[in-house]
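For reference, the structure discussed in these notes is given below.
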Amino acid sequence: MQKRLHHGGDYNPDQWLKHPEILADDIKFMQQVKANTFSVGIFAWAALEPQEGEFTFEWLDSVMDNIASFGGQVILATPTAARPAWLSQKYPEVTRTSPRREKMLHGARHNHCFTSPVYREKTSIINRKLAERYKNHPALFMWHISNEYNGECHCDLCRAAFSAWLEQKYGTIDTLNDAYWSAFWSHTYNDFSQVEPPSDIGEIFVHGLTLDWRRFVTHQTIDFYKHEIVPLREITPNIPITTNFMGDFPQPMPFAGLNYAPFAQVVDVISWDAYPPWHNDYECTEETAARLAFLNDYFRSLKNAPFFILESTPSMVNWHSVNRPKRPEMHLLSSVACLAHGADAIMYFQWRKSRGSSEKFHGAVIDHDNSAQNRVFKDVAQVGEMLERVSEIKGSHNPAEIAIIYDTETMWALGETQGFIRADKKYPQTVFAHYKIFRDGNAPVDVISPDKCCAEGLSRYKAVIAPMLYMMPDKLANALALYVENGGTLVTTYISGMVNESDLVHHSGFHPKLREILGIQVTETDSLYPTQRNGILYGNASYKALDNCAVLEIADAEILGTYEQDFYAGSAAVTHNAYGKGAAYFIAARTEEDFLAAFYEKEILNHLNIALPQIKSPRGVSIQTRTGNGVTYYFVMNFTDEAQTIQLPTDMCDLISGRTLAKGQQSLLPKYGAMILK
Ligand code: GLA
Ligand code: ZN
């Protein structure tokens, strides 16, 4: 088949089985917007198995046939994210139990127990039937496992599984007691069965326990996922498997309930659901775009490969505080913004608006008017055409010389930590603030996990930025040391390297390996009230320091910047240390964007000669590159509210418009305009 980017979305014909005329319209409209890929059956369990053991696949057969008839592809879902009423009624064990030990009722979605043998058995049966029935169907292209896995269950089965997981991890209860520092408040356990999952009616202060519970929830979710795919791997070994991950706004972070780093290992293709709040009243469009970019870079970096936007909205959602439709041109721009960072698919939730229940006002390709004449439909058709015109970018890669470490476990741990600025340590905000400097400078960045640092090493990066990397297990410290020793450049900050994987503070309060690489010792951390400020003198300028200021003792490091005030005035606030063939920098305090911009421009972008696109663009016009088959593609995106001009170093062709743009000449990019140049 000819190379094509995926365009389409969540298609729920199971809501319209009594309306064959609507289903016929769907097939017609799909072709009109050049949609080619559909996630089908996501919540269709009740339509596929209306009574236990009674299967009704005929409707799905015809949906699959109809999509195949025009060359469309189906990402066939396992329906486990919501279940039929008969299942909960007959087997109450399948519903969840809350942290307060309340048994949940049937309803909503994602409220099943991942441990329940009955739920697993019923899942196996339906998944096997789907695989057997559609294994040779020409439309079957990929599996969509469940939907946005999330949540936790505290039932007896889950608690027993947690106990077994702990026993497997620690071997003896004594080792667990050491890891949890359980002598504190007489929390010593005598045996594994006494260890209860965290709950606000019980234990929430043993941080090692809370971390372990979150790790267990990730483990058990992945275990359930692995169970789901057994029949699929067996019957359709050549069909790739994905499951849709979630990203958050306005603080850009992957859904915090699960750690996606280990999850990524067991899926074939990374997919995520992107719902940026475009056109809000608290940030400019460029900022919203930067948050989207961060998440795109995070999800791409999980596998260092092109990924799927499995859900996005062509207009608005229904669950933001204010649900604004995309303004004209934003749908195309926001789609290009995902392609630019490595997406090979732009898909929607949802294909068609439902008439009832909670998502009836969520944006869709087909609105309640069932018409091809409205603005959203036309915007979608425009994106469909664009995707066909630019299909040669499919499979191309995003080269990055800089990596930023984002750690879900540090996020969890800092969330529990009492200390510093207690209410919010601003971990994701800080990682994003550092990221944004590179994005503003059009320098490509990978956003990577500590797992990846340890498993693959960091040698392909010229610089690794690790803001607030609070949790520093030995193996991570060793990976960072090896990287710097071999010539890499590391930048880290206050509140880094403080605890081990059980959230136990390192002896001396700072990982010894970091001390060695950085040539400093952190002696204390001063947290400031919201209006208090210190200052940093760096280069010839003075910058604000806020929130957290680490006080340092210098061993070998060179001092690049000093504090301006308070009892540590004149002491080191920014340091550099040569270590092996590389270098390590420490930024001791939180600063504003101006300091980060000056620091990174001098010490990283210029000093390390980071490759930047040759196209000159004004602020707010972002440029990203993908490369494939020896071709470099430049994605030029105007996130400002005005037309902008860019200047090209050579003649280039815009794949979107088909126009050739001449070297040197000023090329106009309208408000929200986008180009893909080669
Ligand atoms: C999630 C879900 C979808 C739908 C959308 C609405 O991403 O996966 O089923 O609820 O949100 O935005
Ligand atoms: Zn359970």
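Bear in mind that the values in this text are calculations on the coordinates, not laboratory data. All values derive from a computational prediction rather than experimental measurement. Using ideal geometry, Cβ is built from the backbone for each residue, glycine included, and neighbour counts are taken over all protein chains shown.
Measuring from a point 7 Å past the Cα of Ser358 along Cα-to-C-beta, which residues in region 51-83 have an amide N at less than 19 Å? Residues 79-83 fall inside that zone. Out of region 214-299, which trypsin sites (Lys or Arg not before Pro) are coil in DSSP terms and have no more than 12 other C-beta atoms within 10 Å? For trypsin sites (Lys or Arg not before Pro) across region 214-299 that sit outside H, G, I, E and B with at most 12 neighbouring Cβ atoms in 10 Å, the list is empty. Classified by the C-alpha gyration tensor, region 460-499 has an oblate form. Its axis ratio a/c, with a ≥ b ≥ c, is 1.5 or above, and a/b does not exceed b/c. Once the Cα-Cα distance is subtracted from the 0.36 nm per residue extended length, the Thr417 to Ser124 segment shows a gain of 101.4 nm.
Note that region 108-218 shows a convex hull volume over its alpha carbon atoms of 137 Å³ per residue.
Test of understanding: given the chain, find the longest segment containing no chymotrypsin sites (Phe, Trp or Tyr not before Pro) that are in a DSSP loop and have at most 11 other Cβ atoms within 10 Å. Longest stretch, sites excluded: 1-281. Spatially, region 561-632 and region 25-76 are offset by 50 Å when compared through their Cα centroids. In whole angstrom, region 187-335 maps to an equivalent ellipsoid with semi-axes of 34, 24, 12, each derived as √(5λ) from the alpha carbon gyration tensor and ordered largest first.
Relative to the current alpha-carbon distance between Asp369 and Lys28, full extension at 0.36 nm per residue lengthens the span by 121.2 nm.
Would you mind checking the pairs Lys303/Lys678; Lys303/Lys513; Lys34/Lys462; Lys28/Lys122 and listing those with alpha carbons more than 32 angstrom apart? Lys34/Lys462; Lys28/Lys122, as the Cα separations exceed 32 Å there. Dipole magnitude for region 251-303: computed about the Cα centre from +1 point charges on Lys and Arg Cβ and -1 point charges on Asp and Glu Cβ, it is near 280 debye. The H on the amide N of Val74, modeled in the peptide plane, is under 5 Å from the matching H of Phe38, Leu140, Phe141, Met142, each at least 5 residues off or on a different chain. Here the chain is scanned for GluC sites (Glu not before Pro) in DSSP loops (not H, G, I, E, B) that have at most 11 other Cβ atoms within 10 Å, and the longest stretch holding none of them is 103-641.
If r is the Cβ-Cβ distance from Asp556 to Glu392 and R0 is 60 Å, what FRET efficiency results, to the nearest 0.05? Step by step, r from the Cβ atoms, then E = 0.70.
Nearest 5 percent is fine: what portion of the DSSP beta bridges confined to the chain is antiparallel? That works out to approximately 55 percent antiparallel. A P(r) calculated from all alpha carbon pairs of the chain, with 10 Å bins opening at zero, reads 3, 14, 23, 25, 20, 11, 3, 0 percent. Calculated on C-alpha atoms, the gyration radius of region 273-401 divided by its Kirkwood radius gives an Rg/Rh of 0.97. Note on region 431-471: with charges restricted to the Cβ of Lys and Arg (+1) and Asp and Glu (-1), its dipole about the Cα centre is near 120 debye. With neighbour counts taken as other beta-carbon atoms within 10 Å, the residues Leu537, Leu302, Leu105 rank, fewest first, as Leu105, Leu537, Leu302. Taken as entire DSSP H runs, the helices of the chain that both span 18 Å or more between Cα atoms along their own long axis and average -1.0 or more on the Kyte-Doolittle scale are 20-32, 156-170, 207-235, 285-303, 375-389, 427-440. So which of Lys18/Lys353; Lys378/Lys616; Lys544/Lys616 end up more than 23 Å apart by C-alpha? Over 23 Å apart, Cα to Cα: Lys378/Lys616; Lys544/Lys616.
Positive end of the dipole of region 505-655 (Cβ unit charges, origin at the Cα centre): among Asn629, Gln614, Ile554, the Cα lying farthest that way belongs to Asn629. Dipole magnitude for the chain: about 1640 debye, using +1 per Lys or Arg Cβ and -1 per Asp or Glu Cβ, origin at the Cα centre.
Each residue of region 664-677 was assigned a 3J(HN,Hα) from its phi angle through the Karplus expression (A = 6.51, B = -1.76, C = 1.60, θ = phi - 60°), giving x, 5, 6, 9, 8, 10, x, 3, 6, x, 9, 9, 10, 9 Hz with x at Gly and Pro.
Compared with the direct C-alpha span, the chain from Glu385 to Thr531 gains 47.4 nm at full extension, assuming 0.36 nm per residue.
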